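Take a look at the structure set out below.
The values are calculated or read from the model by the stated rules, or taken from the named source; none is laboratory data. What you see is a predicted model; the values in this text were computed from it and never measured. Backbone-built Cβ (ideal geometry, glycine too); neighbour counts: all protein chains shown. Protein only, heavy atoms only, side chains kept; ligands, DNA and RNA dropped before computing areas. Shrake-Rupley method; radii C 1.70, N 1.55, O 1.52, S 1.80 Å.
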Amino acid sequence: MQISTRSLNALVLVLLASACGSASDSGTMPAANGGGVFQGTVMGGGSRNMRVAVPSSSAATTTDAAGGFLLTDVPKGAAALQFSGGGQSATLATAAMVSGEFRRLTVSISGGSVTEQSEQTETEFEGTVDAIDGAVLTVAGRKVAVTDATKIRKDDAAAVFSDLVLGTPVEVEGTLNADGSVTASEISIEDRNDVDRVVFVGTLTQITGNTLTVGGQTVNVGSATVIVRGDTILTLADLKLGDRVLVRGAVQADKSINATRIRVLPREDEPEEEMHVAGKVAAVGTDNFTIGDTVITVDAKTEFEGNGLHGLADLKVGDFVFAEVMKQADGSLLAEEVKRFTPPMPG
């Protein structure tokens, strides 16, 4: 994926400020703006070199040869994306951006019409548990459904739903549904200790032991730091100079950042291959199934699990599933793992 040269070398997006300080107290840390990041793909003719922008803001970028884009500094609350170029112009209404959110999405454009393939939209954001209604949480103003397929973790170990109490700080990963709710694939319970939280995008320029330099900022990697690329868990040894990364972490007294999560973003002209698709099964074929408008193929290596799901023959129209998929050279999607889950009912 080609990243526009207008992307900042180190765009620091302050997510939360503690009661004992603010961004202005953080020396070299920029002022808070609560922005987020869109990483996406535009499908359809004319998607190359298309301008992608947030209306009434300075956030804008250009798609690469494959229609991919990375849009940073998206204002909190932004609820639309404008696509223009190649004789096409269209505006997509989206779920409002949460402070510090990272979102991946795929859209299809034709003339003056653009459609989000919401079954493919993934989100990652932080917040506190503000309400609990049965197995549905409210985090950062969003309804978050916890299912029997949701992984809950604390301090790099498995946790349970009862560990999620009011006021618990969490990081949520999952599918962002068309109604703005989230079906959680993983919830990580965090230990914030009243420190400043930051989210920023930058280029990795130095690696010294467990310390990174990202866009001029010192980033400390600890045993609890999660490093990911797509859906793949990485190690510190997998990081390379020149990687474009999204860092989440806590600002320390010396202005360094203790990273809780580092997400490696695709390099220029490098296609994104891994993704999640989730939702209700609309059709089942001999070697594939459909969620929304997305057709997913299975093969002998595809793993099935959850509620008696052992193979494609057990999958039924109306089932709800998470699918971890790989994009193939021809653009089709091949499932590596399929999990059937039961949507929660509010209490």
Scan of segment 131-151 for residues that are assigned to a strand (DSSP E or B) and within 17 Å of the chain's Cα centre (by Cα), ordered by number: Val139, Arg142, Lys143, Val144, Ala145, Lys151
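Any idea how many residues of segment 296-333 are outside any loop (DSSP other than H, G, I, E, B) and either at pLDDT 95 or above or in contact with a Lys or Arg (Cβ under 7 Å, 6 or more places away or on another chain) (or both)? Show your work before the answer.
To start, the set of residues in segment 296-333 that are outside any loop (DSSP other than H, G, I, E, B) comprises 296-297, 303-305, 312-314, 320-327, 333.
Restricting the remaining residues to those that are either at pLDDT 95 or above or in contact with a Lys or Arg (Cβ under 7 Å, 6 or more places away or on another chain) (or both) gives 296-297, 303-305, 312-314, 320-322, 333.
Total meeting the criteria: 12.
Among residues belonging to segment 117-130 that are part of a strand (DSSP E or B) and either acidic (Asp, Glu) or open to solvent by 40 Å² or more (accessible area, probe 1.4 Å) (or both), point out the one that is nearest to Leu176 (Cα to Cα). Can you show your working first?
Filtering segment 117-130 down to residues part of a strand (DSSP E or B) leaves 122-130.
Applying the additional criterion that residues be either acidic (Asp, Glu) or open to solvent by 40 Å² or more (accessible area, probe 1.4 Å) (or both) yields 122, 124, 126, 128, 130.
Details: Glu122: 6, Glu124: 9, Glu126: 14, Thr128: 18, Asp130: 19 Å.
Among those that are part of a strand (DSSP E or B) and either acidic (Asp, Glu) or open to solvent by 40 Å² or more (accessible area, probe 1.4 Å) (or both), it is Glu122.
Restricting the search to segment 172-212, which residues are of a type in the set (Lys, Arg) and either surrounded by fewer than 21 Cβ atoms within 10 Å (Cβ to Cβ) or within 15 Å of the chain's Cα centre (by Cα) (or both)?
Arg192
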Being of a type outside the set (A, V, I, L, M), out of contact with any Leu (no Cβ under 8 Å at 6 or more places or on another chain) and modelled with pLDDT of 95 or more narrows Thr138, Thr175 down to just Thr138
Return the total of residues in segment 293-340 being among the hydrophobic types (A, V, I, L, M, F, W, C), more than 21 Å from Gly230 (Cα to Cα) and surrounded by 14 or more Cβ atoms within 10 Å (Cβ to Cβ). 4
If Thr290 satisfies all but one of (1) open to solvent by less than 40 Å² (accessible area, probe 1.4 Å); (2) in contact with a strand residue (DSSP E or B) (Cβ under 6 Å, 6 or more places away or on another chain); (3) at pLDDT 95 or above; (4) part of a loop (DSSP other than H, G, I, E, B), what's the number of the condition it fails? (4)
Only residues that are open to solvent by 10 Å² or more (accessible area, probe 1.4 Å), at pLDDT 90 or above and more than 19 Å from Thr294 (Cα to Cα): list them for segment 96-113, please. Ala96, Val98
Report yes if some residue within segment 16-35 is at pLDDT 50 or above and either in a strand (DSSP E or B) or open to solvent by less than 40 Å² (accessible area, probe 1.4 Å) (or both); otherwise report no. yes
Failed condition for Ala78, given (1) part of a loop (DSSP other than H, G, I, E, B); (2) open to solvent by less than 10 Å² (accessible area, probe 1.4 Å), with all others met? (2)
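Which one is modelled with the highest pLDDT among residues in segment 232-245 that are in a strand (DSSP E or B) and either within 11 Å of Leu204 (Cβ to Cβ) or open to solvent by 40 Å² or more (accessible area, probe 1.4 Å) (or both)? Let's see the steps before the verdict.
First, pick out the residues of segment 232-245 that are in a strand (DSSP E or B): 232-234, 244-245.
Narrowing the set further to residues that are either within 11 Å of Leu204 (Cβ to Cβ) or open to solvent by 40 Å² or more (accessible area, probe 1.4 Å) (or both) leaves 232-233, 244-245.
Values: Thr232: 83, Ile233: 88, Arg244: 89, Val245: 92.
Here the residue is Val245.
Need a quick list: strands (runs of 3 or more DSSP E) entirely within segment 190-231 having at least 3 residues that are of a type outside the set (Ser, Thr, Tyr). Before the answer, list the steps.
Numbers: elements: 197-208, 211-214, 217-229.
Output list reads 197-208, 217-229.
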Going through segment 158-189 one residue at a time, which ones are in a loop (DSSP other than H, G, I, E, B) and closer than 24 Å to Thr232 by Cα? Ala159, Val160, Asn177
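Scanning for something open to solvent by less than 50 Å² (accessible area, probe 1.4 Å), in contact with a Lys or Arg (Cβ under 7 Å, 6 or more places away or on another chain) and part of a strand (DSSP E or B), does segment 86-95 turn up at least one residue?
Restricting attention to segment 86-95, the residues satisfying the condition of being open to solvent by less than 50 Å² (accessible area, probe 1.4 Å) are 88, 90, 92, 94-95.
Checking the rest, the ones that are also in contact with a Lys or Arg (Cβ under 7 Å, 6 or more places away or on another chain) come to none.
The answer is no; no qualifying residue exists.
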Residues of segment 37-60 that turn out to be out of contact with any Asp or Glu (no Cβ under 8 Å at 6 or more places or on another chain), modelled with pLDDT under 95 and not in a loop (DSSP other than H, G, I, E, B), as a count: 4
Taking the condition of being more than 18 Å from Met97 (Cα to Cα) and buried (at least 18 other Cβ atoms within 10 Å of the Cβ), how many residues in segment 155-171 meet it? 2
Restricting to segment 246-265, give me the number of residues that are assigned to a loop (DSSP other than H, G, I, E, B) and crowded, with 21+ Cβ neighbours inside 10 Å. 0
